[in-house]
Structure formats: structure tokens, C-alpha cells
1. Report, ordered by chain and residue number, the aspartates and glutamates lying within cross-link reach of Lys176, taken as a straight Cα distance under 20 Å and ignoring same-chain residues fewer than 8 apart.
2. What is the ratio of the Cα radius of gyration of the range 124-182 to 2.2 N^0.38 Å, where N is its residue count, to two decimals?
3. What residues have an amide H closer than 5 Å to that of Leu207, excluding those fewer than 5 places away on the same chain, when H is modeled at 1.01 Å from N in the peptide plane?
4. Could you pull out every one of the lysines with an alpha carbon less than 16 Å from that of Lys225, ignoring same-chain neighbours closer than 8 positions?
5. Counting each DSSP H run of 4 or more residues in the chain as -39500 (n - 2.57), what helix-only mean residue ellipticity at 222 nm follows after dividing by all residues, to the nearest 500 deg cm²/dmol?
6. Which is the longest part of the chain that has none of the GluC sites (Glu not before Pro) sitting in a DSSP loop with at most 16 other Cβ atoms within 10 Å?
7. Enumerate the calculated ³J(HN,Hα) couplings along the range 156-173 in order (Karplus 6.51 cos²θ - 1.76 cosθ + 1.60, θ = phi - 60°), each rounded to whole Hz, writing x wherever the residue is Gly or Pro.
8. Residue-wise, which Karplus ³J(HN,Hα) couplings in Hz belong to the range 33-45, taking 6.51 cos²θ - 1.76 cosθ + 1.60, θ = phi - 60°, and x for glycine or proline?
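Just so it is clear, none of the values below were taken in a lab; they were calculated from the coordinates. As the structure is a prediction and not an experimental result, all values here were calculated from the model. Neighbour counts run over all protein chains shown; Cβ positions are idealised from the backbone, glycine included.
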Amino acid sequence: MTIPTVFTTTLTGYLTSLNARNTSEHTTTAYRTDLTQFFSFLTENDLTVTDPGHISRTHIIDYLSHLADQGRSGVTRARKLAAIREYCKFMVLEKLLASSPAANIAMPKKERKQRVFLRVDEYMRLLNAAAGNSRDYAILQLFLQTGIRVEELTNLTINDIDLDAGTMLINGKGNKQRTIYPEKKATQALRAYFAHRPRSLDQHVFLNYQENGLSVRGVMDIVEKYRSQAGITKKFSCHSLRHTCATYKASRGYTPADLQGLLGHERPETSFIYVHLARDPRKLMEQTSL
């Protein structure tokens, strides 16, 4: 069933407003997907909803209940409600809605997520599995030595890295930039990769076999490939390698301010978590034994 044009038109206006606020491409894409799914639900379940002004509090609650029935997590439902709230807020500011039907809906309870990270023996097995491929080895070393986010890694260009000066410019969340100083292992891995990197017009640091920049999914597949080859049964992600970096940097004496500068945390409280974990061996063992 086709979504009414008025919904797609207002959605385009909302996404344009996000771009004007320098919202990251990842967030904009997520909001587009979440809102399109909500509009599809409305169109399929209530033929009287032909305009955003027809959206009621009940419609939104019914949608969240529908997602729960599908087994969607509290985290997912909370994210989708946040997207609907922001869209409705935009519509009110544009005077296309008198008030927001999402304003007083309680946020779904989010499940508490543990920060999964690797023990030393596990990440050494991971690195050893990739030792024969300079590109993949450099990717894993960057995750483990710098805590870079996967989106940041795929966005790296040749001009962002100065190995002689020992600097790396990271384009982070919300278009915020930070300069980090990779340690010896990461620098050596990058030098080895650059010695074998194809000469390509594409300026991204990490290329796929078509000599185009690696995608986020491509990097995720690489990490999963070496998890399997290393015989690590614990499930982990690219973000888990970021957690691994943060935890071991904290155990080596990095302060919350150091970690915030390295990892680009928006809130200092996030960096404090790793310092707290590093000081409590029991909690550290709980996290690593998943």
C-alpha cells in the first residue's frame, strides 16, 4: 500500500532540517527508515490516516505494541519512538501540527547491555589469524589500538593520516573532528598495508577488492571472518573491539580525559565507565567471560 504523498513530503522536509543541523548521515538514514516504517504501519492499519494531522497518541502506542509483538527489543522501540517524537516536534515548529501526539508517551524500557570485549589471549588470536593480510591486520590493529568507530574507519582518507608526524584526523559523530596519535603497533601495521595498497583513484584508506572504499558491512564481515578463523566462540562486533581498546587503555593508566580525547566520547561519563571497570577486577572478569 502506497504511503500518502503528504507524509513523504513532510518527511523530506524533516530530513532536510536534520542535514542543516549537521546530523550524521548514519542518524539521518536511521530516522528515514524508522519513520517510513511507521508511516507504512499507519497506512496498512488505518485508512482514515491520510495526513500527519490524523496521527493520534493511540496510533503511536499501537505501533510500539506491534513492534513488541514482533519481538523487537526495548532499545529498538525506544529509538523508533525518538524518531517519531522528533518528527512530530518538527511538524509543530512548522505549524503543521497543533501539538505533538508523541509528547507524553513513556519511552520503552531499554535492556541493560553489557560491554563485550576481548581478553588479551583472544585479541592476540584474532590478530594472528589476520597476520597474512596487511589490510585486514591494519584494520584490526586500528580498532584495538585507537578504539576507532567502524564508520570513522571507513571514512578515513589518505590525507587524514600522517605517519611521519604520527597523527590521524578522525571525522567523528556529528561531524566532529579529533586528532589522535596512533601508537607504534598501529603505525607499523599501517606502513605495512600502505606498502601493498593498490594505486587507486579512490582516496579512502581501506579498499575492497574492486579498489573502492570498504563499506561498514564489509568491515563487519572482515571482523566476523577472523573471529571464526581464530576459533573465538564469544560473539562480538566492531564496537566490541572499541570497548576492548578503551578497557585496556584504562588499565594502563589512561584518565577519563585521555579516553575522551582518544575515543571521541560526547559525555565524560562514558569514559569514566572504563576507568571504573579497569579498577575492579571482578567486574572486568564478568564482562570478558561472556
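1. Within the straight-line cut-off, Lys176 pairs with Glu25, Glu151, Glu152, Asp160, Asp162, Asp258, Glu266, Glu269.
2. For the range 124-182, the normalised Cα radius of gyration is 1.17.
3. Leu214
4. Candidates past the 8-residue exclusion: Lys234, Lys235.
5. So the calculated ellipticity at 222 nm is -18000 deg cm²/dmol.
6. My reading of the result: 1-93 is the longest stretch.
7. My calculation for the range 156-173 gives 4, 10, 4, 6, 7, 10, 10, 5, 5, 7, x, 10, 9, 8, 10, 9, x, 4 Hz in order.
8. Once θ is set to phi - 60°, the couplings for the range 33-45 become 5, 4, 6, 4, 5, 5, 5, 5, 4, 4, 4, 7, 10 Hz.
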